[in-house]
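Colleague: Below are the structure tokens for one structure; questions will follow.
The values are calculated or read from the model by the stated rules, or taken from the named source; none is laboratory data. Note that this is a predicted model, so its numbers are computed, not measured. Cβ: placed from backbone, ideal geometry, glycine included. Neighbour counts: every protein chain shown.
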Amino acid sequence: MKFTLVAVLAGLCAFALASPVYEEQQGGYHHYKVGGKDYLRQYKDVLTLFKYVHQPTHLQEHVTLAKEYNVHHNLADYT
């Protein structure tokens, strides 16, 4: 019983003394970039591709994209 009480008190003390850890990146805290309409459209397209991964696609836009897509023409889109 004493051990449990001491463990609970030690845990409460540790929790009370805890402080958030901030990581410095690029001269400041984390900076987030809000995406534009182009980015959101691309994000939505990727999510629709992965909606039913194990089933063949029947959406016409996916079929045309798979036939016409060329990685070499879109190298600038990759980081």
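Colleague: Provide a single number: the residues in the range 45-79 that are surrounded by 10 or more Cβ atoms within 10 Å (Cβ to Cβ) and modelled with pLDDT of 85 or more.
Modeller: Adding up the residues that qualify gives 1.
Colleague: Taking the range 31-43 as the search range and keeping residues that are part of a helix (DSSP H, G or I) and either surrounded by 10 or more Cβ atoms within 10 Å (Cβ to Cβ) or of a type in the set (Val, Ile, Thr) (or both), which one is nearest to the chain's Cα centre (by Cα)? I'd like the intermediate steps shown before the answer.
Modeller: As a first pass, look at the range 31-43 and keep what is part of a helix (DSSP H, G or I): 37-43.
From the residues that got through so far, the ones that are either surrounded by 10 or more Cβ atoms within 10 Å (Cβ to Cβ) or of a type in the set (Val, Ile, Thr) (or both) too are 39-43.
Values: Tyr39: 14, Leu40: 14, Arg41: 16, Gln42: 15, Tyr43: 11 Å.
Among them, the one singled out is Tyr43.
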